[in-house]
Amino acid sequence: MMKSHNFFRKMVDELVEFSAHDPELADGIKWLDSQAQKKGITFYDMVFEVLYSHDVNSKAQNWLKTRN
């Protein structure tokens, strides 16, 4: 579990570093950070929530398309 946690943090850190070269990504990261602060959670937790929500929604949409 610790390896996956460290991998996730490293991945997020690399995205943050790369955002110095991508203004749209930088804006998204700033927005995520502000949302995390409003919720009183860490930036990493906020990124996880967004990714998890996206994954669940994608799977639900796929299920709806293939259920018949």
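The values are calculated or read from the model by the stated rules, or taken from the named source; none is laboratory data. Predicted model only: the values in this text are computed from it and were never measured. Positions of Cβ are generated from backbone atoms using ideal geometry, with glycine treated the same way; all protein chains shown enter the neighbour counts. For accessibility, only protein heavy atoms count, side chains too; no ligands or nucleic acids. Shrake-Rupley method; radii C 1.70, N 1.55, O 1.52, S 1.80 Å.
Remarks
- Test: residue in the range 43-51 that is out of contact with any Asp or Glu (no Cβ under 8 Å at 6 or more places or on another chain), aliphatic (A, V, I, L, M) and open to solvent by less than 80 Å² (accessible area, probe 1.4 Å): yes
- Helices (runs of 4 or more DSSP H) contained entirely in the chain, each with at least 1 residues that are of a type in the set (Val, Ile, Thr) and in contact (Cβ under 8 Å) with a residue 60 or more places away in the chain: none
- Scanning the range 1-24 for residues that are more than 18 Å from Asp45 (Cα to Cα) and open to solvent by less than 60 Å² (accessible area, probe 1.4 Å) gives Ser19, Asp22.
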